[in-house]
There are 2 protein chains.
Amino acid sequence: MVAPSLRARVRAGMIDEIKAVARRHLATDGANLSLRAVARDMGMVSSAIYRYFPSRDDLLTALILDAYQALGDAVEAADAAVDPVDLRGRWHAACRAARAWALAHPAEYALLYGSPVPGYAAPDDTVAPASRPPLALVGILRDGLASGRLRPPEEELPEPLRDDLAEVAAATDMALPPALLARGMAGWTQLFGLISFELFGRINRMLPHRDEYFDHQTALLADLIGLP
Amino acid sequence: MVAPSLRARVRAGMIDEIKAVARRHLATDGANLSLRAVARDMGMVSSAIYRYFPSRDDLLTALILDAYQALGDAVEAADAAVDPVDLRGRWHAACRAARAWALAHPAEYALLYGSPVPGYAAPDDTVAPASRPPLALVGILRDGLASGRLRPPEEELPEPLRDDLAEVAAATDMALPPALLARGMAGWTQLFGLISFELFGRINRMLPHRDEYFDHQTALLADLIGLP
DNA sequence: TCAAAAGAGAGAGCACTGCTCTTGACGAGG
DNA sequence: CCTCGTCAAGAGCAGTGCTCTCTCTTTTGA
């Protein structure tokens, strides 16, 4: 590993600083990020930004990737900090970590899970980081199944759905019965909905005690999944 | 009722046409709607639009109100078309109607339920139309409770949450026990999450049979709520 | 009936945006 | 020393929301 040249290090620092300033702007101006404003804050001219990011969308992509990474880290770390056999504890820890990260970084959460930016198409390398949070949740179910602490639901699924889910389970190396995978995805859907409603201000005025609400709703889904 | 003057009728027609063109643009360009482009499509100059909508945000508000209205109509009509005592049938009908409307009007759905437009604050008169879909769902539970076909869950809620939910129930004239209201809101959250994931392309590549997936997931929540 | 008032469209202009292209300066490697 | 790659700056293009003024037409009231 050769030491990076001075130029390379300065360049990396510039990229980091641009992203930091852009994140700050994201928090106030939302997804319509202005390259000129970022450049102004950095004391340079707008065209100079293009030396580091070929377009505004590329800067957005970099921010999105970083955000997925941070959210995935937070959820996985919270999950790993709990006794692996305590399935319900892991579930709540993972859910709370996702919510805490979203509340701490609302603009970045909106960038990840809000309405897609019109002309912008997320590149393929965002798919893997994007699937880390749901995979962490489903991993809890897989561990519970492996250790015998979680028994799969008995209901029958219609055939095409069962095949789809079996294929998903196979593609993600999760040996989960389709019905259980469906419940795990229901939990992930619910988690996303809870955070989005809270962040986008749909329940704030009527539910002052949001921590308790969140915990209760995630507990409901844990019941539905069958976590002991 | 005096007949509206010619000018008033022409003006109303203009407003409708502007909204129709704006909706068309919404479908392709998303929330960053261009007044100039709308004006261009109508063969007039951009400044003339301001005779009808004092700002771009006001045009957006008008579109949002119309969309809430349409979605509320769709959900309520679907609910009303089912035998009132068939709680599960009503639940599925309402959920399917919301999804169908969203799939038919993805851009408007994103306007309603996507990330909030940065500088834009929804005016107060959007609150009532916005609560129609969830109220339709909760209304199913209220009817089930009144007819004795639905028994409320027995779990205990933490006190602050119970009080919050009791207040919400009172404010909406829905005599629902807090635990049941919480489950109804879980259903609404799940419905929103399901539609959003499907519309924003998070499950499309892995689940080809989306109708079956949607029905199964809403059935899961119906089970959680306790619909017979 | 006829003038005053109100409504409507057009155009110019301001400050802003993303992005491209050209020009000139600077530093590291041969 | 000197060339070559990197960088910042500036001008410029096309587009944006919005305001102001000017003109023309329709409606209204005495």
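Below, the figures for the structure above:
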read-out: Around residue A:219: net Lys/Arg minus Asp/Glu count, Cβ-Cβ under 11 Å; value: -3
read-out: nm² value of the averaged projected area, convex hull over the Cα atoms of the range A:151-222; value: 6.1 nm²
read-out: Closest-to-axis residue of chain A (Cβ criterion, axis taking A to B), whole Å; value: A:193, 2
read-out: Share of carbon and sulfur in the accessible heavy-atom surface of the protein assembly as shown [1.4 Å probe, %]; value: 54 percent
read-out: Residue B:55/residue B:211 FRET efficiency (R0 41 Å; Cβ-Cβ; nearest 0.05); value: 0.50
read-out: Label spacing, shortest first and in nm, from residue B:167 to its equivalents in the remaining copies (7 angstrom along Cα→Cβ); value: 4.9
read-out: For chain B, built as a Gaussian network whose Cα springs stay under 10 Å, the top-fluctuating residue of B:119, B:72, B:184; value: B:119
read-out: From the C-alpha gyration tensor of the range B:1-53, square roots of 5λ in Å; value: 24, 12, 8
read-out: Cα Rg, Dmax, chain B, angstrom units; value: 20.6, 63
read-out: Mean Kyte hydropathy of 1.6 or more with a Cα span along the axis of at least 15 Å, helices from DSSP in chain B; value: none
read-out: Most mobile listed residue (A:215, A:124, A:164) in chain A, GNM with C-alpha springs under 10 Å; value: A:124
read-out: Chain B, helix-only ellipticity at 222 nm - DSSP H runs n ≥ 4, -39,500 (n - 2.57), divided by all residues, nearest 500; value: -22000 deg cm²/dmol
read-out: Shielded residues, the range B:108-132 - accessible-area loss of 50 Å² or more between chain alone and all protein chains, probe 1.4 Å; value: B:115, B:118
read-out: Shortest-first distances to equivalent copies, position residue A:148, nm, label 7 Å out along Cβ; value: 4.6
read-out: Length added when fully stretched, residue A:163-residue A:66, from 0.36 nm per residue minus Cα-Cα; value: 31.5 nm
read-out: Chains A and B together, accessible area buried on both sides, 1.4 angstrom probe, square angstrom; value: 4000 Å²
read-out: Positive-end extreme of charge dipole, the protein assembly as shown - chosen from A:147, B:165, A:158 (charges on Cβ); value: B:165
read-out: Radius 14 Å from Cβ of residue A:133, net charge of other residues (Lys, Arg +1; Asp, Glu -1); value: +1
read-out: Pairwise FRET efficiency - residue A:28 versus residue A:8, Cβ, R0 = 25 Å, nearest 0.05; value: 0.20
read-out: Amide H partners (placed H, <5 Å) of residue A:150, local residues excluded; value: A:145
read-out: Ascending list, in nanometres, of distances separating the residue B:103 label from those of the other copies (7 Å, Cα toward Cβ); value: 3.6
read-out: Residue-count net charge about residue A:80 - beta-carbon cut-off 15 Å; Lys, Arg +1, Asp, Glu -1; value: -2
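The values are calculated or read from the model by the stated rules, or taken from the named source; none is laboratory data. All values reported here derive from a predicted model rather than from experimental measurement. Methodologically, a virtual Cβ is constructed for each residue, glycine included, from the backbone with ideal geometry; neighbour enumeration extends over all protein chains shown. For accessibility, only protein heavy atoms count, side chains too; no ligands or nucleic acids. Shrake-Rupley method; radii C 1.70, N 1.55, O 1.52, S 1.80 Å.
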